[in-house]
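Remarks on the structure that follows.
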């Protein structure tokens, strides 16, 4: 029997972390869960790793990220004594703002199209979340324009913008998994080709990079909707690089706002308030009022997450005032990712009140958000807002009312391919369990609907 060599590097890092083996196992499983991966890692597995057994699959990524967060510095596979990733499987791809974003996007997109598991299962990186803050003052001049033999004009940019907008609408109507591979393919072909063209003017170049940023942002959103948080983060970072290179006012801040929201969703509050603040600073006074309201309400959410209630409520009031001041104004297409700004502001306001424990106000704003979007176009987000509204109603003791709202949510989800909607229905069934046990008829009937829904959407 071959004697394995003990992994002294890993042993030293675990000792530095002051975590027991079962603590390391819990930390690894928590990181994996952020990207929808459920691991069976336990104390015994960590013991075997220290004694020379190499973790399988994406587990080395999760182990590296878990120890990075614990130690406050980036830990790589090499630091863990696990060597480099297999050829063509660089798990650090996209976790930088220091390379040409078009080349990086092409590499990410190709791995996404081919469903390379190492990238789909990649970990959300706390270190990468700080990159936008560290580089906010740097000039984004790394996007190289490689002449592809043609000259791009307004019509070329408009054609790509129309296609991106079409996929944005499809994403909201049918869910992030619908058309995902097709759009990633479009990103690495048509969008990349546009960015490498000779441009008729600097303005056209700016518009092209702005559209490319929106396309990368949408790819990130599709990955997010599929529960692939590490991949989403990589797309967002390259979207940020392209937005900066474009010089379009406020778009880079908008991407930072998205990254702040991702961190809050994953319960990783580090950097979220700073991202929300810096993103807003990049947009303040440079974007339409309706768009600025979106920055204010995200900042309010980050404040609420950090226990700053009074300041959070002040930002909510500011968002409402700013939104009203901009009613009817034009909104740039890259700021319409989640539909009309008013609906998005209400949805995010609901999350602020939910964080603050104000369930009546949270339920009210979720309901307003759901009613403020065209149902045929924004099925997924309406369904998720209705689920969130029902949760608030149930927690106030209004179970009959909550079941009615949950039922509307399931109706709205028909035809939507989204990991988040499926997760919401599974959570719904869990929330209904105590009411079923008490023989509440509405709960039993709804649970059966939810069971059938899940059986049809495996």
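The values are calculated or read from the model by the stated rules, or taken from the named source; none is laboratory data. As the structure is a prediction and not an experimental result, all values here were calculated from the model. Here the Cβ is made from the backbone with ideal geometry for all residues, glycine too, and neighbour counts use every protein chain on show.
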Within the stretch 406-420, identify whether any single residue is more than 23 Å from residue 170 (Cβ to Cβ) and in a helix (DSSP H, G or I), and answer yes or no. yes
Inspect the stretch 425-445 for any residue being in a helix (DSSP H, G or I), surrounded by 24 or more Cβ atoms within 10 Å (Cβ to Cβ) and within 26 Å of the chain's Cα centre (by Cα) and give the result as yes or no. yes
Some residue of the stretch 160-172 being in a loop (DSSP other than H, G, I, E, B) and over 29 Å from residue 281 (Cβ atoms): no
Within the stretch 225-233, is there a residue that is touching a helix residue (DSSP H, G or I) at 6+ places or on another chain (Cβ under 6 Å), part of a loop (DSSP other than H, G, I, E, B) and buried (at least 24 other Cβ atoms within 10 Å of the Cβ)? yes
What are the residues in the stretch 234-249 that are outside any helix (DSSP H, G or I) and free of Cβ contacts under 8 Å to residues at least 40 places away in the same chain, if any? 249
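Against the condition more than 27 Å from residue 263 (Cβ to Cβ) and either more than 25 Å from the chain's Cα centre (by Cα) or surrounded by 22 or more Cβ atoms within 10 Å (Cβ to Cβ) (or both), how does residue 53 come out, does it pass? Quick ask: steps written out before the conclusion?
Working: more than 27 Å from residue 263 (Cβ to Cβ): yes; either more than 25 Å from the chain's Cα centre (by Cα) or surrounded by 22 or more Cβ atoms within 10 Å (Cβ to Cβ) (or both): yes.
Taking the combined requirement at face value, the residue satisfies it.
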Considering only the stretch 201-224, state which residues are surrounded by fewer than 24 Cβ atoms within 10 Å (Cβ to Cβ) and more than 14 Å from the chain's Cα centre (by Cα). 201, 202, 203, 204, 205, 206, 207, 210
Subset of the stretch 98-115 that is in a loop (DSSP other than H, G, I, E, B) and at pLDDT 70 or above - its residue that is surrounded by the fewest Cβ atoms within 10 Å (Cβ to Cβ): 114
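Could you check, for the stretch 383-399, whether at least one of its residues is more than 20 Å from residue 350 (Cα to Cα) and modelled with pLDDT under 95? Step through it out loud before you land on a result.
Initial filter on the stretch 383-399 (more than 20 Å from residue 350 (Cα to Cα)): none.
No.
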Tell me, please, whether a residue that is assigned to a helix (DSSP H, G or I), crowded, with 23+ Cβ neighbours inside 10 Å and within 17 Å of the chain's Cα centre (by Cα) can be found in the stretch 191-200. no
Taking the criterion of being in contact with a helix residue (DSSP H, G or I) (Cβ under 7 Å, 6 or more places away or on another chain), at pLDDT below 90 and crowded, with 20+ Cβ neighbours inside 10 Å, would at least one residue in the stretch 148-157 satisfy it? yes
Residues of the stretch 318-344 satisfying the condition of being under 23 Å from residue 161 (Cα atoms) and either touching a strand residue (DSSP E or B) at 6+ places or on another chain (Cβ under 9 Å) or assigned to a loop (DSSP other than H, G, I, E, B) (or both): 328, 329, 330, 331, 332, 336, 337, 338, 339, 340
Just to confirm my filter: which helices (runs of 4 or more DSSP H) fall fully inside the stretch 1-68 and include at least 2 residues that are within 30 Å of residue 420 (Cβ to Cβ) and modelled with pLDDT of 90 or more? 21-34
Specify which of the listed residues (299, 311) is closer than 18 Å to residue 354 by Cα, in contact with a helix residue (DSSP H, G or I) (Cβ under 7 Å, 6 or more places away or on another chain) and surrounded by fewer than 24 Cβ atoms within 10 Å (Cβ to Cβ). 311
Does residue 327 count as surrounded by fewer than 23 Cβ atoms within 10 Å (Cβ to Cβ), at pLDDT 95 or above and over 23 Å from residue 416 (Cβ atoms)? no
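Considering every residue within the stretch 345-357, establish whether at least one is touching a residue at least 12 places away in the same chain (Cβ under 8 Å), part of a helix (DSSP H, G or I), in contact with a helix residue (DSSP H, G or I) (Cβ under 9 Å, 6 or more places away or on another chain) and surrounded by fewer than 17 Cβ atoms within 10 Å (Cβ to Cβ). Walk me through it before giving the result.
We begin by selecting, within the stretch 345-357, every residue touching a residue at least 12 places away in the same chain (Cβ under 8 Å); these are 345-356.
Within this subset, residues satisfying the condition of being part of a helix (DSSP H, G or I) are 345-355.
Narrowing further to those that are in contact with a helix residue (DSSP H, G or I) (Cβ under 9 Å, 6 or more places away or on another chain): 345-355.
So of that shortlist, the ones also surrounded by fewer than 17 Cβ atoms within 10 Å (Cβ to Cβ) come out as none.
Checked the stretch 345-357: no residue is touching a residue at least 12 places away in the same chain (Cβ under 8 Å), part of a helix (DSSP H, G or I), in contact with a helix residue (DSSP H, G or I) (Cβ under 9 Å, 6 or more places away or on another chain) and surrounded by fewer than 17 Cβ atoms within 10 Å (Cβ to Cβ).
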